[in-house]
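The values are calculated or read from the model by the stated rules, or taken from the named source; none is laboratory data. Not measured: the values here are computed from a predicted model. Please note: Cβ atoms are built from the backbone with ideal geometry, for glycine as well, and neighbour counts cover all protein chains shown. Accessible surface areas use protein heavy atoms only, side chains included; no ligands, DNA or RNA. Shrake-Rupley method; radii C 1.70, N 1.55, O 1.52, S 1.80 Å.
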Amino acid sequence: QVQLVESGGGLVQPGGSLNLSCAANGSIFSGNAMGWYRQAPGKQRAPVAVVTRGGRTSYEDSVKGRFTISRDNAKNTVYLQMISLSPEDTAVYYCNRIPSVDSAWGQGTQVTVAS
């Protein structure tokens, strides 16, 4: 059973923006903190943005002020708005619970920032 489906990635020029979405299974989403993770080539997957079930947010230092995470509890969906993108943001982006559920990882969505 597919539990997490990410979408919205693509190729964007430096300085551009993208909006990601993640449709989550209710068992993963409901009542849990959710996060966006990313994995760049040769690096480990790590969270960059977290939203609690109550809507409180936190961010990894490199994305503060540029990324905004939000959730729609009625739709079991998590969003990530990204602005001022740089080549260092190039990665596959995933969503998952915080802490993550190993069996729930989706395919992710590729974000490539290049001119």
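Brief remarks on what is shown
- The residue pairs whose first member lies in the range 2-20 and is under 22 Å from residue 50 (Cα atoms) and part of a loop (DSSP other than H, G, I, E, B), whose second member is open to solvent by less than 60 Å² (accessible area, probe 1.4 Å) and modelled with pLDDT under 95, and whose beta carbons are closer than 6 Å, counting only pairs six or more residues apart or on different chains, are 3/25; 3/28; 3/104.
- Selection of the range 85-108 for residues being open to solvent by 70 Å² or more (accessible area, probe 1.4 Å) and of a type in the set (Ser, Thr, Tyr) yields only 103.
- Leading residue by the ranking (least open to solvent (accessible area, probe 1.4 Å)) among those in the range 63-84 that are of a type in the set (D, E, K, R) and not in a strand (DSSP E or B): 66
- Filtered residues of the range 85-101 (kept if closer than 14 Å to residue 44 by Cβ and not in a strand (DSSP E or B)): 100
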